[in-house]
Amino acid sequence: MMFKTRQMLKTMFPSQENLILTLQGCFAWNPSAQIEADSEEFERLCLEVRKRSGEEYLEGLLAAAALYKGDFLSGNDSEWAVSLRRYYQTLYLDICKMALPLLQEQERWTEMVAICGQASGIGADTDAFLVYEMQALIAMGQPEQAVSAYEAFREILWAEFEIEPAEQMEQLYLLAEGMCQNHVDEGDILRLVAEQQVEERAFFCTFGVFQSIVALERRHLERTGNSSVLLLVSLGRKVTPTTDARRLERILEEGLRTGDPIARLNAGSYLLMLTGATEENARIVMERLDRAFHKTYSHSKACISFRTFPLKPQKTVEN
(Lines give C-alpha, C1' and ligand atoms only; values in the text may rest on other atoms or scores of the structure.)
Protein backbone atom coordinates (compact mmCIF):
# COMPACT_ATOMS: atom_id res chain seq x y z
CA MET A 1 0.00 0.00 0.00
CA MET A 2 2.77 2.47 0.93
CA PHE A 3 4.65 1.64 -2.28
CA LYS A 4 1.56 2.48 -4.37
CA THR A 5 1.04 5.70 -2.39
CA ARG A 6 4.63 6.80 -3.01
CA GLN A 7 4.35 6.01 -6.72
CA MET A 8 1.14 8.02 -6.99
CA LEU A 9 2.68 11.00 -5.18
CA LYS A 10 5.75 10.82 -7.41
CA THR A 11 3.50 11.00 -10.48
CA MET A 12 1.58 13.95 -9.04
CA PHE A 13 4.64 15.85 -7.76
CA PRO A 14 7.66 14.77 -9.86
CA SER A 15 9.84 17.61 -8.53
CA GLN A 16 9.36 16.58 -4.92
CA GLU A 17 11.48 13.85 -3.34
CA ASN A 18 10.75 11.67 -0.32
CA LEU A 19 7.33 13.07 0.46
CA ILE A 20 6.73 10.20 2.87
CA LEU A 21 9.51 9.38 5.32
CA THR A 22 10.12 5.99 6.88
CA LEU A 23 10.69 6.36 10.60
CA GLN A 24 11.12 3.82 13.33
CA GLY A 25 7.81 1.99 13.57
CA CYS A 26 5.86 4.42 11.42
CA PHE A 27 5.66 6.62 8.34
CA ALA A 28 5.46 10.43 8.36
CA TRP A 29 4.93 13.28 5.92
CA ASN A 30 8.15 15.10 5.08
CA PRO A 31 7.86 18.47 6.92
CA SER A 32 10.19 20.15 4.43
CA ALA A 33 7.97 19.34 1.44
CA GLN A 34 6.36 22.45 -0.07
CA ILE A 35 2.79 21.49 -0.95
CA GLU A 36 -0.15 23.91 -1.12
CA ALA A 37 -3.64 22.46 -0.61
CA ASP A 38 -6.50 24.31 -2.33
CA SER A 39 -8.72 23.56 0.68
CA GLU A 40 -6.30 25.39 2.98
CA GLU A 41 -6.02 28.31 0.55
CA PHE A 42 -9.81 28.44 0.33
CA GLU A 43 -10.13 28.57 4.11
CA ARG A 44 -7.44 31.25 4.37
CA LEU A 45 -9.15 33.46 1.79
CA CYS A 46 -12.58 33.05 3.39
CA LEU A 47 -11.26 34.19 6.75
CA GLU A 48 -8.90 36.89 5.46
CA VAL A 49 -11.38 38.58 3.11
CA ARG A 50 -13.49 39.81 6.02
CA LYS A 51 -10.72 42.29 6.81
CA ARG A 52 -10.99 43.96 3.39
CA SER A 53 -13.32 46.72 2.26
CA GLY A 54 -14.69 48.26 -0.91
CA GLU A 55 -13.96 46.63 -4.26
CA GLU A 56 -11.20 44.50 -2.75
CA TYR A 57 -13.77 42.95 -0.45
CA LEU A 58 -16.02 41.80 -3.30
CA GLU A 59 -13.18 40.57 -5.48
CA GLY A 60 -11.79 38.65 -2.52
CA LEU A 61 -15.14 36.98 -2.01
CA LEU A 62 -15.30 36.00 -5.68
CA ALA A 63 -11.73 34.68 -5.59
CA ALA A 64 -12.57 32.50 -2.61
CA ALA A 65 -15.78 31.27 -4.25
CA ALA A 66 -13.86 30.33 -7.41
CA LEU A 67 -11.63 28.00 -5.37
CA TYR A 68 -14.58 25.92 -4.22
CA LYS A 69 -14.92 23.00 -6.65
CA GLY A 70 -17.49 20.92 -4.81
CA ASP A 71 -17.76 18.81 -1.69
CA PHE A 72 -14.53 17.99 0.12
CA LEU A 73 -13.68 14.28 -0.39
CA SER A 74 -17.26 13.51 -1.42
CA GLY A 75 -16.58 9.77 -1.58
CA ASN A 76 -15.26 9.54 1.97
CA ASP A 77 -17.89 9.13 4.71
CA SER A 78 -15.45 8.97 7.61
CA GLU A 79 -16.38 11.25 10.50
CA TRP A 80 -13.35 13.51 10.07
CA ALA A 81 -14.06 13.94 6.34
CA VAL A 82 -17.76 14.66 6.86
CA SER A 83 -16.90 17.26 9.52
CA LEU A 84 -14.46 19.07 7.22
CA ARG A 85 -16.89 18.80 4.32
CA ARG A 86 -19.59 20.60 6.29
CA TYR A 87 -17.10 23.20 7.50
CA TYR A 88 -16.03 24.07 3.95
CA GLN A 89 -19.66 24.10 2.80
CA THR A 90 -20.51 26.60 5.53
CA LEU A 91 -17.57 28.83 4.56
CA TYR A 92 -18.61 28.72 0.91
CA LEU A 93 -22.27 29.50 1.56
CA ASP A 94 -21.31 32.39 3.83
CA ILE A 95 -19.13 34.09 1.21
CA CYS A 96 -21.82 33.56 -1.43
CA LYS A 97 -24.38 35.28 0.80
CA MET A 98 -21.96 38.16 1.31
CA ALA A 99 -21.14 38.48 -2.40
CA LEU A 100 -24.64 38.31 -3.92
CA PRO A 101 -26.06 41.64 -2.63
CA LEU A 102 -22.88 43.40 -3.75
CA LEU A 103 -23.09 41.84 -7.20
CA GLN A 104 -26.73 42.88 -7.34
CA GLU A 105 -25.82 46.50 -6.58
CA GLN A 106 -23.38 46.45 -9.51
CA GLU A 107 -25.89 44.64 -11.78
CA ARG A 108 -23.50 41.76 -12.42
CA TRP A 109 -26.35 39.41 -13.22
CA THR A 110 -24.44 36.64 -15.00
CA GLU A 111 -22.11 36.17 -12.04
CA MET A 112 -25.09 36.07 -9.70
CA VAL A 113 -26.72 33.29 -11.70
CA ALA A 114 -23.48 31.29 -11.76
CA ILE A 115 -22.99 31.55 -7.99
CA CYS A 116 -26.62 30.71 -7.23
CA GLY A 117 -26.50 27.71 -9.54
CA GLN A 118 -23.75 26.09 -7.49
CA ALA A 119 -24.73 27.33 -4.03
CA SER A 120 -28.39 26.29 -4.30
CA GLY A 121 -27.40 22.63 -4.32
CA ILE A 122 -25.62 22.90 -0.96
CA GLY A 123 -27.11 23.11 2.51
CA ALA A 124 -30.58 24.26 3.53
CA ASP A 125 -30.63 27.81 2.10
CA THR A 126 -31.81 26.96 -1.40
CA ASP A 127 -34.71 29.40 -1.23
CA ALA A 128 -32.46 32.39 -0.45
CA PHE A 129 -30.23 31.66 -3.44
CA LEU A 130 -33.19 31.01 -5.72
CA VAL A 131 -34.58 34.47 -4.90
CA TYR A 132 -31.31 36.07 -6.05
CA GLU A 133 -31.21 33.85 -9.13
CA MET A 134 -34.77 34.75 -10.12
CA GLN A 135 -34.04 38.46 -9.62
CA ALA A 136 -30.99 38.19 -11.86
CA LEU A 137 -32.82 36.23 -14.57
CA ILE A 138 -35.67 38.75 -14.59
CA ALA A 139 -33.19 41.63 -14.83
CA MET A 140 -31.48 39.87 -17.76
CA GLY A 141 -34.80 39.62 -19.60
CA GLN A 142 -35.11 35.86 -19.10
CA PRO A 143 -38.41 35.52 -17.18
CA GLU A 144 -39.10 32.10 -18.69
CA GLN A 145 -36.03 30.68 -16.96
CA ALA A 146 -37.08 32.32 -13.69
CA VAL A 147 -40.51 30.69 -13.97
CA SER A 148 -38.95 27.29 -14.71
CA ALA A 149 -36.59 27.59 -11.73
CA TYR A 150 -39.48 28.50 -9.42
CA GLU A 151 -41.72 25.67 -10.62
CA ALA A 152 -38.96 23.07 -10.23
CA PHE A 153 -38.19 24.30 -6.69
CA ARG A 154 -41.88 24.41 -5.73
CA GLU A 155 -42.38 20.82 -6.88
CA ILE A 156 -39.40 19.59 -4.83
CA LEU A 157 -40.45 21.62 -1.78
CA TRP A 158 -43.94 20.15 -1.77
CA ALA A 159 -42.75 16.59 -2.46
CA GLU A 160 -40.25 16.66 0.43
CA PHE A 161 -41.84 18.96 3.02
CA GLU A 162 -45.42 19.63 1.81
CA ILE A 163 -44.98 23.40 2.12
CA GLU A 164 -45.16 26.28 -0.35
CA PRO A 165 -42.33 28.69 -1.28
CA ALA A 166 -41.91 31.91 0.69
CA GLU A 167 -44.00 34.95 -0.26
CA GLN A 168 -41.04 36.88 -1.73
CA MET A 169 -40.43 34.04 -4.15
CA GLU A 170 -44.12 33.91 -5.06
CA GLN A 171 -44.06 37.63 -5.88
CA LEU A 172 -41.03 37.16 -8.14
CA TYR A 173 -42.79 34.27 -9.83
CA LEU A 174 -45.88 36.39 -10.51
CA LEU A 175 -43.67 39.17 -11.89
CA ALA A 176 -41.79 36.76 -14.16
CA GLU A 177 -45.01 35.13 -15.32
CA GLY A 178 -46.46 38.55 -16.13
CA MET A 179 -43.36 39.41 -18.16
CA CYS A 180 -43.79 36.17 -20.10
CA GLN A 181 -47.35 37.19 -20.96
CA ASN A 182 -46.05 40.53 -22.25
CA HIS A 183 -44.31 38.64 -25.04
CA VAL A 184 -47.73 37.96 -26.57
CA ASP A 185 -48.64 40.00 -29.66
CA GLU A 186 -50.97 42.95 -29.06
CA GLY A 187 -53.68 41.35 -31.18
CA ASP A 188 -53.83 38.38 -28.80
CA ILE A 189 -54.23 40.37 -25.58
CA LEU A 190 -58.04 40.61 -25.66
CA ARG A 191 -58.35 36.94 -26.53
CA LEU A 192 -55.96 36.03 -23.73
CA VAL A 193 -58.02 37.93 -21.14
CA ALA A 194 -61.59 37.48 -22.33
CA GLU A 195 -61.61 34.08 -24.01
CA GLN A 196 -59.43 31.99 -21.72
CA GLN A 197 -61.11 28.68 -20.92
CA VAL A 198 -61.92 28.64 -17.19
CA GLU A 199 -61.88 25.27 -15.43
CA GLU A 200 -65.17 24.44 -13.77
CA ARG A 201 -63.72 23.96 -10.32
CA ALA A 202 -62.44 25.91 -7.35
CA PHE A 203 -59.27 27.98 -7.77
CA PHE A 204 -56.17 26.68 -5.98
CA CYS A 205 -53.64 29.49 -5.52
CA THR A 206 -50.61 30.46 -3.45
CA PHE A 207 -51.15 32.14 -0.10
CA GLY A 208 -49.86 35.46 -1.46
CA VAL A 209 -52.42 35.41 -4.28
CA PHE A 210 -55.13 34.39 -1.80
CA GLN A 211 -54.32 37.42 0.36
CA SER A 212 -54.72 39.71 -2.65
CA ILE A 213 -58.09 38.14 -3.53
CA VAL A 214 -59.33 38.57 0.05
CA ALA A 215 -58.19 42.22 0.08
CA LEU A 216 -60.18 42.88 -3.11
CA GLU A 217 -63.24 41.16 -1.66
CA ARG A 218 -63.09 43.30 1.49
CA ARG A 219 -63.19 46.44 -0.67
CA HIS A 220 -66.08 44.95 -2.62
CA LEU A 221 -68.01 44.28 0.62
CA GLU A 222 -67.54 47.91 1.65
CA ARG A 223 -69.24 49.06 -1.56
CA THR A 224 -72.04 46.48 -1.73
CA GLY A 225 -72.81 45.57 1.88
CA ASN A 226 -72.84 41.87 0.99
CA SER A 227 -71.28 39.15 3.14
CA SER A 228 -68.48 36.63 2.60
CA VAL A 229 -66.87 34.02 4.83
CA LEU A 230 -63.38 32.63 5.30
CA LEU A 231 -63.25 28.92 6.06
CA LEU A 232 -60.33 27.05 7.66
CA VAL A 233 -60.36 23.33 6.83
CA SER A 234 -57.99 20.95 8.64
CA LEU A 235 -57.33 17.23 8.71
CA GLY A 236 -57.08 15.52 12.09
CA ARG A 237 -54.08 13.62 13.40
CA LYS A 238 -55.18 10.12 12.36
CA VAL A 239 -54.40 10.64 8.70
CA THR A 240 -52.16 9.31 5.99
CA PRO A 241 -50.29 12.64 5.50
CA THR A 242 -49.81 13.00 1.76
CA THR A 243 -52.64 10.71 0.66
CA ASP A 244 -55.41 12.27 2.76
CA ALA A 245 -54.20 15.79 1.94
CA ARG A 246 -54.52 15.09 -1.78
CA ARG A 247 -57.92 13.50 -1.23
CA LEU A 248 -59.12 16.60 0.61
CA GLU A 249 -57.76 18.86 -2.14
CA ARG A 250 -59.77 16.92 -4.70
CA ILE A 251 -62.97 17.20 -2.63
CA LEU A 252 -62.43 20.94 -2.19
CA GLU A 253 -61.70 21.52 -5.88
CA GLU A 254 -64.73 19.59 -7.07
CA GLY A 255 -67.12 20.39 -4.22
CA LEU A 256 -66.87 24.18 -4.20
CA ARG A 257 -68.14 26.67 -6.75
CA THR A 258 -66.12 27.50 -9.82
CA GLY A 259 -63.54 30.13 -8.90
CA ASP A 260 -63.82 29.88 -5.10
CA PRO A 261 -60.21 30.56 -3.99
CA ILE A 262 -58.31 28.00 -1.89
CA ALA A 263 -54.81 28.34 -0.40
CA ARG A 264 -52.75 25.65 1.30
CA LEU A 265 -51.49 26.74 4.73
CA ASN A 266 -49.51 23.58 5.49
CA ALA A 267 -49.80 19.83 5.05
CA GLY A 268 -53.48 19.13 5.71
CA SER A 269 -54.73 22.68 6.37
CA TYR A 270 -56.46 24.90 3.83
CA LEU A 271 -58.01 28.36 3.84
CA LEU A 272 -60.83 29.16 1.43
CA MET A 273 -63.23 32.03 0.82
CA LEU A 274 -66.95 31.69 0.14
CA THR A 275 -68.03 34.89 -1.58
CA GLY A 276 -71.59 36.08 -1.03
CA ALA A 277 -72.10 33.51 1.74
CA THR A 278 -73.30 33.83 5.33
CA GLU A 279 -72.03 31.77 8.25
CA GLU A 280 -75.15 29.60 7.96
CA ASN A 281 -74.38 29.01 4.27
CA ALA A 282 -70.81 28.14 5.23
CA ARG A 283 -72.00 25.51 7.74
CA ILE A 284 -74.10 23.87 5.04
CA VAL A 285 -71.05 23.82 2.75
CA MET A 286 -68.93 22.31 5.53
CA GLU A 287 -71.40 19.50 6.10
CA ARG A 288 -71.61 18.78 2.39
CA LEU A 289 -67.82 18.64 2.00
CA ASP A 290 -67.46 16.37 5.04
CA ARG A 291 -70.08 13.95 3.69
CA ALA A 292 -68.49 13.95 0.25
CA PHE A 293 -65.05 13.15 1.67
CA HIS A 294 -66.15 10.20 3.80
CA LYS A 295 -68.44 8.86 1.11
CA THR A 296 -65.67 8.93 -1.49
CA TYR A 297 -62.91 7.74 0.87
CA SER A 298 -64.82 5.56 3.32
CA HIS A 299 -61.67 3.80 4.59
CA SER A 300 -59.93 7.04 5.56
CA LYS A 301 -59.56 7.76 9.28
CA ALA A 302 -59.34 11.50 8.69
CA CYS A 303 -61.46 13.70 10.95
CA ILE A 304 -62.00 16.99 9.15
CA SER A 305 -62.50 20.13 11.23
CA PHE A 306 -63.91 23.44 10.02
CA ARG A 307 -63.75 26.98 11.41
CA THR A 308 -65.55 29.99 9.98
CA PHE A 309 -64.47 33.63 10.04
CA PRO A 310 -66.91 36.26 8.72
CA LEU A 311 -65.08 38.59 6.36
CA LYS A 312 -65.48 42.23 7.30
CA PRO A 313 -65.42 45.19 4.89
CA GLN A 314 -62.19 47.14 4.56
CA LYS A 315 -63.62 50.23 6.27
CA THR A 316 -64.92 48.26 9.27
CA VAL A 317 -61.57 46.54 9.80
CA GLU A 318 -59.61 49.78 9.68
CA ASN A 319 -61.94 51.50 12.14
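The values are calculated or read from the model by the stated rules, or taken from the named source; none is laboratory data. Since we're looking at a predicted model, the values are computed, not measured. Note: ideal-geometry Cβ built from the backbone for every residue, glycine included; neighbour counts use all protein chains shown.
Do you know which residues across segment 125-141 are modelled with pLDDT of 85 or more and surrounded by fewer than 18 Cβ atoms within 10 Å (Cβ to Cβ)? If the condition is that a residue be modelled with pLDDT of 85 or more and surrounded by fewer than 18 Cβ atoms within 10 Å (Cβ to Cβ), then 139, 140 are the ones that fit. You will find that of 99, 63, the residue that is within 25 Å of the chain's Cα centre (by Cα), touching a residue at least 12 places away in the same chain (Cβ under 8 Å) and in a helix (DSSP H, G or I) is 99 and no other.
Part of a helix (DSSP H, G or I), in contact with a strand residue (DSSP E or B) (Cβ under 9 Å, 6 or more places away or on another chain), at pLDDT below 85 and of a type in the set (A, V, I, L, M, F, W, C) - does that describe any residue in segment 193-205? No. Considering only segment 23-37, state which residues are of a type in the set (A, V, I, L, M, F, W, C) and farther than 15 Å from residue 9 by Cβ. Listed by number, the residues that qualify are 23, 26.
A Cβ distance below 9 Å, combined with a sequence gap of six or more or placement on separate chains, defines the contacts here; from segment 194-213, residues that are within 11 Å of residue 263 (Cβ to Cβ) reach no residue that is surrounded by 10 or more Cβ atoms within 10 Å (Cβ to Cβ) and modelled with pLDDT under 65.
When segment 246-281 is filtered for residues that are assigned to a helix (DSSP H, G or I) and either within 18 Å of residue 236 (Cα to Cα) or over 34 Å from the mean Cα position of the chain (by Cα) (or both), the ones remaining, listed by number, are 246, 247, 248, 249, 250, 251, 252, 279, 280, 281.
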